[in-house]
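One structure is given here, and the rest of the page talks about it.
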Amino acid sequence: MKLLRPSSLDELDGGVPLAGGTEVVPLLRDGLLAADVLVDVGAVVPAGIDGTRVGAGTTLAAIAADAQVPAALREACTLAASPQLRNMGTVAGNLLQATRCWYWRLDYPCRLHGGDRCHARDGEHREHAIFANDFCASAHPSDVAAALLALDAAVHTNRRAFPIAELYRLPTEDDRRTTTLEVGELILELEVPAADSSCYLKAMDRKRWAFPLVGVAAARIGGTARVALAGVAPVPWLLEGSLDDATPLPGTAYKLEIAKALHRRALTTLG
Amino acid sequence: MARLIRTEKEVEGRYEEVWLLVDEDSLDRWPAGPLTVVGRAAARLDGPARARGEATFTADVRLPGMLHAAVLRSPFARARLRRLDLDAARTAPGVRAVVGPDELGGLTRECGFEGAPVAAVCADTYEQARSALADARVEWDVLEPLLDADEAVSRGELLSTREYERGDVARGLAEADSVVESTYRTQSVLHNALETHQSVCRWVGDTLEVYTSTQYVWGVRAEVAEAFHLPADRVRVVCEYMGGGFGAKNGAGDYTLVAAELARRAGRPVRCALTRREEHLCAGNRNATVQRLVAGARADGTLTALAGDYVNAVGFSGWTAMTEGPMQMLYACPNVRTATYGAKLNLPPMKAFRAPGFVEGTFGLECLLDELAAKLDLDPLELRRRNHTAADPRDERSYSSKHLAECYRRAERHWQRRHDVRARSTESVKRGVGMASQIWFGGGGPPSYAWVRVGADARATVVTATQDIGTGTRTTLAQIAAEELGFPLDRVSVTLGDTAHGPYSTLSAGSSTTPSMGPAARAAAADAKRQILDLATQRYGGELRIEHGELVAGDGTRRPLDELLGLLGEGQILGTGARGPNPTGLEVLTFGVQVAEVAVDVETGEVSVERIAAIHDVGRVINPLAASSQVEGGIIQGIGHTLSEQRLVDPADGRVLTRTLDAYKLPTIADVPEIVCELIDVPDEQLTNLGSKGLGEPPIVPVAAAIANAIRDATGADVRSLPITRGEMLLALAEAREREKREAPAAV
């Protein structure tokens, strides 16, 4: 395996991008990601916060500590992972992390891996989805994505700009991917609008350092309140209808109850 | 004088009748309470070495020319090897030796659990060894696994069955004013020692050196000697420091045999170390249980009957821990019946885990007692007091000592807090207090030996081939020897952890290291002191004693000890000591009580443990600092067991799903409540020259029940299944609401 350290975007030529490494390294070690060439993008992806613009290479720790950032995003960063991981992990890496579904992580021939069934639906699925879980019941683990979705952030890549909702897609029979990034496309920056008020509430299996069982982000910008959830669907989930539209599995019914409680509390916090 | 006795030996509730070589224990007892060194807080003597990274753990052992082993394991819960071609592995880059099934005990073609070892290779690097295994051609006949413990019982797939009865349970239930019946479930949890299971083996001539992370260097020596048909003296086992065991490192383990055999074949040292993923797969676990329990009592709370059917989901092999122990032993109930089934399943084998059986059984029994208290409208602490027993209810044997009543008395001020705690409840967060009693073994026993060497520098070294599982054994033994010798603590050191350097010691399991080794260390120190004082009398005349490292004559004259000992030159004084027998006919047990305070968010199911007060009776406390560390560690591990830890397997194929530390949720420091530790610290006058029992296990025993009972106090919900995840908590709350609706008086 080769490690390249390009100094400008023009030098990019294939390979697997590596920033904080907190997701890529474990995936490589477990054989879930194959890479002949790793590309350290630290020097070519912007880091730092300037008003509403957040560099893709900014660490979660830096975002958590910056008062310019809306509360929902700060709180999502604070509640994500452990201090060590937040010091290494970048915001774009966090958006692009894979599910923690144990069947996927153990390389079961599941639908996300191109197979013909979802092992979690019939198996152990207490951490799994309550929305859009018919084809694949995996849950998306990003706290940060839920916050950015509620804040209606925009993603700037080396090729285009689009609302963060368009970064994700539900896996289908024909296409099992959960993101829309093209090969060679890199997230460079996020545009995070200021919110009148926002918050992120998270339920975990322990007090700290766990992926969300349910995370609820809420933001009020102008007259509009948006709510998005983490840990409830194969992708970060923008709540457009009612939580009662959820389709929990037998082992995830409790998540709906938590989601409702956190949703109520988040709206109260928004005021 | 040494003599042979026929006696009952107990390790973690398993008894066997054995011949034992014992020495008499004729020392005077020390007075109760803190002495000069013993009973006073001492920082770990090896703390700086550990902090500086100078302490050598097995994971640090790097021998010249050392190779690295990787093990081919069954990827299926139940499968038969149809074909195994290791030729490609044999010729892969860096590979130095290969061993297959039928060539080494422990490696197998008939795999009864995922992770069962099949073959192994060693190579210049671990990565080469792993990659060579990936080249092996393996074909399997995959068979249907048996995964459900109740189904195993109904099919008769049992590793063992135990039945027990005293009195007449039917009559006891008939006499009861109130009967409660509940089913409790506990999950499988993993030891997760910081240092994974591992060994480094090297052949030196015809002697085998084994560096290993173990709780029992002598046990590993015996097992390895037998496996390789060697006289025991040709196996040397070394464990200078170890990164935890919790019961999972009592035996040699297949990794040790693999390293030894590959080292023999390759002619070079070999390291075989489990990865964290292998550790989660097949390094042992606390088995799951199902407990169907009944209790009956009179209106005043007097127990009339207890009965339990216990199913232990042991796994493919292992032993059936004494889950029924607390029901038989904790209370004065005349009518008790238990049946315990050890289910044989296609799951990784259990291994002892910090008070095996009693942790699980105490959860069931002590929750049942609180359900009974609620039904009888009695105070739970009072209910326990009313059923206190002065003698072992199984056979009326007396206890060597028991201060459970005093534990209850001291628990009162923590128990009284419940009114204030409950009053701090809000609409969404309910608070409550719960308690549970603790009973467990922990008396230790012979044989165990120590030597104390004193040189011309007036320093003493305790030499013994015990091991420090991590509890601070070096410091404890040094304190005991220093106290007996009259030396300051900084003049005593301890060497341990090497079967070639020092006498035999028992295993560090069953809370036994201090009660087994401590008396031997004291006896050896006393022997050395006798010799020193004998020399002192020859040199100065009259009777002398040693205080604070000085010789004190009858008239009060003080002389530095090195004035006398300096005369030794290169000579040494060697004291020897042995652990005496346990008191004949008496039951040696540990007792305690814990009071937990919790906050339950009834909308999100979040349980927060806010405070646990732990009061334990373990005889004399040698080092209060090390003791409180054991209490804190046991409680934290217990909180993980109660709230967040569970090893999950796929219900269809039996493969382990929680293999990494993000999926398997140990508590973090943020989950740790305020812990209040109180030890009774009254020496057991019947037990050895120290009167000390063990403390490694007692603190974890009552944690789950105390928390579950606090949750009931806070919310009225019965949680009967561990871990109490948010899902479990919300389910219990919903059931409680349903019950309330059902039982509410009809509207008028």
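Gyration tensor over the Cα atoms of the stretch B:641-682: the corresponding equivalent ellipsoid has semi-axes (square roots of 5 times the eigenvalues, largest first) of 33, 14, 7 Å.
Annotation: the residues B:Cys407, B:Cys111, A:Cys136, sorted from fewest to most other C-beta atoms within 10 Å of their own C-beta, follow the order B:Cys407, B:Cys111, A:Cys136. Relative contact order of chain B: 16 percent, from C-alpha pairs under 8 Å at least 6 residues apart in sequence.
With the Cα gyration tensor of the stretch A:1-44 in hand, convert its eigenvalues to equivalent ellipsoid semi-axes via √(5λ) and list them largest first in whole Å. Don't skip to the end; give the middle numbers.
Working: eigenvalues 74, 24, 9 Å².
For the stretch A:1-44, the semi-axes come out at 19, 11, 7 Å.
Checking every one of the GluC sites (Glu not before Pro) in the stretch B:1-83 against DSSP loop status and a limit of 11 other Cβ atoms within 10 Å picks out B:Glu54. Taking the three principal axes of the alpha carbon atoms in the stretch B:171-233, the coordinate ranges are 73, 29, 14 Å, sorted in descending order. Loop sites here are GluC sites (Glu not before Pro) outside DSSP states H, G, I, E and B with no more than 12 other Cβ atoms within 10 Å. The longest part of chain A free of them is A:1-172. Charge dipole (Cα centre; +1 on Lys/Arg Cβ, -1 on Asp/Glu Cβ; no other charges) of the stretch A:46-270 amounts to roughly 640 debye.
Residue-normalised convex hull volume from the C-alpha trace of the stretch B:563-679: 297 Å³ per residue. Restricting the stretch B:60-146 to GluC sites (Glu not before Pro) that sit in a DSSP loop and have at most 13 other Cβ atoms within 10 Å of their own Cβ leaves B:Glu103. Relative contact order of the stretch B:211-360, taken over Cα pairs closer than 8 Å and 6 or more residues apart, is 21 percent. Taking the stretch A:180-200 and a reference point 7 angstrom along Cα→Cβ of A:Leu9, the backbone N atoms nearer than 19 Å belong to A:180-192. By the count of other C-beta atoms within 10 Å, a proxy for reagent exposure, B:Met517, B:Met242 are ordered fewest to most as B:Met242, B:Met517. Counted by neighbouring Cβ atoms within 10 Å, the residues B:Asp135, A:Asp244 run from fewest to most as A:Asp244, B:Asp135.
Could you tell me which of the pairs B:Lys375/B:Lys402; A:Lys207/B:Lys375; B:Lys9/B:Lys351; A:Lys255/B:Lys430; A:Lys207/B:Lys430 are separated by over 24 angstrom between their Cα atoms in the structure shown?
Flagged as over cut-off: B:Lys375/B:Lys402; A:Lys207/B:Lys375.
Measuring how big the stretch A:46-270 is from its alpha-carbon positions, Rg and Dmax come out at 16.4, 47 Å. For the protein assembly as shown, the residue among A:Leu267, B:Leu20, B:Ala313 whose Cα projects farthest onto the positive side of the dipole built from Cβ charges is B:Leu20. Principal semi-axes of the equivalent ellipsoid, √(5λ) from the alpha carbon gyration tensor of the stretch A:1-98, are 25, 17, 9 Å from largest down. Over the Cα atoms of the stretch B:628-711, each weighted equally, I'd like the Debye log10 I(q)/I(0) at q = 0.13, 0.15, 0.16, 0.26 Å⁻¹, rounded to two decimals. Here the Debye-derived log intensity ratios amount to -0.58, -0.70, -0.76, -1.25.
Within the stretch B:316-397, the ratio Rg/Rh, alpha carbon atoms throughout and Rh by Kirkwood, equals 1.05.
Evaluate Rg over Rh across the protein assembly as shown, taking Cα atoms for both radii and Kirkwood's formula for Rh. Let's see the in-between values first.
On the way: Rg = 30.9 Å, Rh = 31.1 Å.
A ratio of 0.99.
Take the Kirkwood radius over Cα pairs of the stretch A:105-174, plug it into Stokes-Einstein at 4 °C and 1.567 mPa s, and you get 93 µm²/s for translational diffusion. When the helices of chain B are scored as -39500 (n - 2.57) per DSSP H run of n ≥ 4 and the total is divided over every residue, the value at 222 nm lands at -8500 deg cm²/dmol. The alpha carbon centroids of the stretch A:189-255 and the stretch B:563-598 are separated by 58 Å.
The trypsin sites (Lys or Arg not before Pro) found in the stretch A:177-224 that occupy coil by DSSP, while having at most 13 further C-beta atoms within 10 Å, are A:Arg177. Near B:Leu368, once Lys and Arg are set to +1 and Asp and Glu to -1 for all other residues with Cβ below 14 Å from its Cβ, the sum equals -2. Put the Cα centre of the stretch B:121-138 next to the Cα centre of the stretch B:381-460 and the gap is 50 Å.
Restricting things to Cα coordinates, could you compute the convex hull volume per residue of chain B in Å³?
Value for chain B: 172 Å³ per residue.
Based only on Cα atoms, what Rg/Rh ratio does the stretch B:619-663 have, Rh being taken as Kirkwood's radius?
On the way: Rg = 16.7 Å, Rh = 13.2 Å.
Dividing the radius of gyration by the Kirkwood radius yields 1.26.
How much mean residue ellipticity at 222 nm does chain A get from its helices, if each DSSP H run of length 4 or more adds -39500 (n - 2.57) and you divide by all residues, to the nearest 500 deg cm²/dmol?
Details: 9 runs with 65 residues, N = 271.
After summing the helix terms and dividing by residue count, I get -6000 deg cm²/dmol.
Projected over all directions and averaged, the alpha-carbon convex hull of the stretch B:376-443 occupies 6.6 nm².
Every number in this text was worked out from the coordinates using simple rules, so none of it is lab data. Everything numeric in this text was worked out from a predicted model, so none of it was measured. We place every Cβ from the backbone using ideal geometry, glycine too, and count neighbours over all the protein chains shown.
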